[in-house]
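Just so it is clear, none of the values below were taken in a lab; they were calculated from the coordinates. Just so it is clear, the structure is predicted and the values come from calculations on it, not from any experiment. Counting neighbours? That spans all protein chains shown, and the Cβs are built from the backbone with ideal geometry, glycine included.
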Amino acid sequence: MKKILKLSMVLLGALFVLIGCSSEAKSEFVFDLSDINQKITYVYDKEKDSISSVTFNLIYDISKSKEIEEKARSTQKLIVDDASGVEGVKVTQSDSAKELKITIEVDLKKFNYEDGKAGAKAPALYSSVHTAVIKKNDIYSFEESKKSILKEGFKEVK
């Protein structure tokens, strides 16, 4: 019994060391307009400056007017249609009387950043990804991507 307890303690200690040494980080950026709030979340390796995934959250305030609601639903349909069948992309959506939420998760390990066919099929998606994720020296660079979206007017959430 004591051997099992000792072994468990050693394994638990090793697990804490591995978790503590992880250089994975998350960073969020927001862009607010009167009828839409946008958030981009990056998951990246600090040491390698390499992004593994990016998530786009769009929240439309549809309570303000019927016109905004129609525009939001049209955008929602475009995004869902664009992203369907694109490898590494997952879209979720929800809505209430006040808000329409769209979340686009892009797993950069599976997503083909330079796929011309998919880019032609899903131009809005690929345009967004190419603005938010910048490739430098064959990696998706967090620092370069951060510069790109700050130029677009996003603000970093501290």
I want to verify a result. In a Gaussian network model of the chain, Cα cutoff 10 Å, which of these has the top mean-square fluctuation: Lys26, Lys117, Lys48? Lys117
Listed candidates (i) 24.6, 102; (ii) 17.3, 51; (iii) 19.6, 70 - label of the one calculated as Rg and Dmax of the Cα atoms in Å: (iii)
Residue of Ser141, Ser127, Ser65 that the Gaussian network model of the chain assigns the largest fluctuation, springs spanning Cα pairs under 10 Å: Ser65
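How high is the relative contact order of the chain, in percent, counting Cα pairs under 8 Å that sit 6 or more residues apart?
Numbers: 237 pairs, mean separation 34.1, N = 158.
22 percent.
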Which aspartates and glutamates, if any, have their Cα less than 20 Å from the Cα of Lys101, not counting same-chain residues under 8 positions apart? Glu28, Asp32, Asp35, Asp61, Glu67, Glu69, Glu70, Asp81, Asp82
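Which ordering of Ser63, Ser34 is given by a fewest-first count of other beta-carbon atoms within 10 Å?
Numbers: Ser63 12, Ser34 8.
Listed from fewest to most nearby Cβ atoms, that is Ser34, Ser63.
What's the local net charge at Asp138, with K and R +1, D and E -1, over the other residues with C-beta under 13 Å away? All intermediate terms of the calculation are to be shown ahead of the outcome.
Numbers: positive: Lys48, Lys135, Lys136; negative: Asp49, Glu114, Glu144.
Here the count lands on 0.
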Cα→Cβ-extended label distance, 7 Å offset, between Val30 and Glu99, nm: 1.1 nm
Highest GNM mean-square fluctuation among Ala25, Ala83, Ala72, for the chain with Cα springs under 10 Å, belongs to Ala25
Tilt of helix 2-21 relative to the longest C-alpha principal axis of the chain, in degrees (0 to 90, nearest 10)? 40 degrees
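Rounded to the nearest 0.05, what FRET efficiency do Thr75 and Glu144 have when you use their Cβ-Cβ distance and R0 = 30 Å?
Values: r = 27 Å, r/R0 = 0.91.
Here the calculated transfer efficiency is 0.65.
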Expressed in nanometres to one decimal, the distance between label points 7 Å along Cα→Cβ at Thr92 and Lys48 is 2.6 nm
